[in-house]
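Written out below as structure tokens is the structure these notes cover.
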């Protein structure tokens, strides 16, 4: 068992979410599923209580805790992508599975968890800074899903 595991609270669909993530992202899998030994707030004995899973190698625990707490943008997974095809694949998988688009490369899955689908070309431009970084940032601010070609054009600049 990992020394540090991210615990994500779900109303009741932690196992469904874990399977979706495992099917969508590389180096992701569903591990142990534990059922409640007794009734609990929001569930009954025998219901799935926790699910161990990984998302892109990050160990997670999904907890079916009922309708008490909800995900917010204060926590998100940032998925680095290599090109537009990979960006589209992850973005479209999340949004088309009951999720929602947001701004600047962010989207939410149907369980309310936020994802940043971020092409490396954008991260590299922002890290480099300067005028190219500023142009890339300004281009990103106009986008929902990141358009790699527009970021590359912004980095190149006018001319």
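Here, each number is a calculation from the coordinates, and none is a lab measurement. Note that this is a predicted model, so its numbers are computed, not measured. Cβ coordinates were reconstructed from backbone atoms using ideal geometry, including for glycine residues, and neighbour counts include every protein chain displayed.
For the chain, find the longest principal axis of its Cα atoms and tell me its angle to the long axis of helix 130-140, 0 to 90°, nearest 10. Taking the Cα atoms of the chain, the angle to 130-140 is about 50 degrees. In plain terms, the residue of 19, 52 with the fewest other Cβ atoms within 10 Å comes first and the most crowded comes last, giving 19, 52.
Compared with the dominant principal axis of the Cα atoms in the chain, helix 84-96 is inclined by about 40°. In degrees from 0 to 90, rounded to the nearest 10, what is the angle of the helix 14-24 Cα long axis to the longest principal axis of the chain? The angle comes out near 40 degrees.
What is the fewest-to-most order of 104, 7, 60 by other Cβ atoms lying within 10 Å of their Cβ? Display every interim value, and only then the final one.
Values: 104 15, 7 10, 60 22.
Ascending Cβ contact count within 10 Å gives the list 7, 104, 60.
Projected label points at residue 1 and residue 68, each 7 Å from Cα along the beta carbon direction, are separated by 2.0 nanometres.
Here 124, 15 are placed in order of increasing Cβ neighbour count within 10 Å, fewest first, which gives 124, 15.
The convex hull around the C-alpha trace of the chain, projected and averaged over every direction, spans 10.3 square nanometres.
For the chain, what relative contact order do you get, as a whole percent, if you take Cα pairs closer than 8 Å and at least 6 residues apart? Don't jump to the answer; show the numbers that get you there.
On the way: 313 pairs, mean separation 29.0, N = 159.
Computed over the chain, the figure is 18 percent.
Based on the inverse mean of 1/r over its pairs of different Cα atoms, what is the Kirkwood hydrodynamic radius of the stretch 71-159, in Å?
Working: mean 1/r = 0.0763 Å⁻¹.
Evaluated over the stretch 71-159, this radius sits at 13.1 Å.
Counting Cα-Cα pairs of the stretch 1-67 in 5 Å increments starting at 0 gives whole-percent bin shares of 4, 20, 28, 24, 14, 8, 2, 0.
Express as a percent, rounded to the nearest 5, the fraction of DSSP beta bridges in the stretch 13-159 (both residues included) that run antiparallel. For the stretch 13-159, the DSSP antiparallel bridge percentage is about 75. Annotation for the stretch 2-44 versus the stretch 55-86: alpha-carbon center distance of 12 Å.
Per the Kirkwood formula applied to alpha carbons, the stretch 46-116 shows a radius of gyration over Rh ratio, Rg over Rh, of 0.99.
Build a GNM of the chain with springs between Cα atoms under 10 Å apart, and of 80, 17, 128 the one that fluctuates most is 128. Peptides 146-153, 31-38 ranked from most to least packed give 146-153, 31-38, packing being the mean of other C-beta atoms within 10 angstrom over each peptide's residues.
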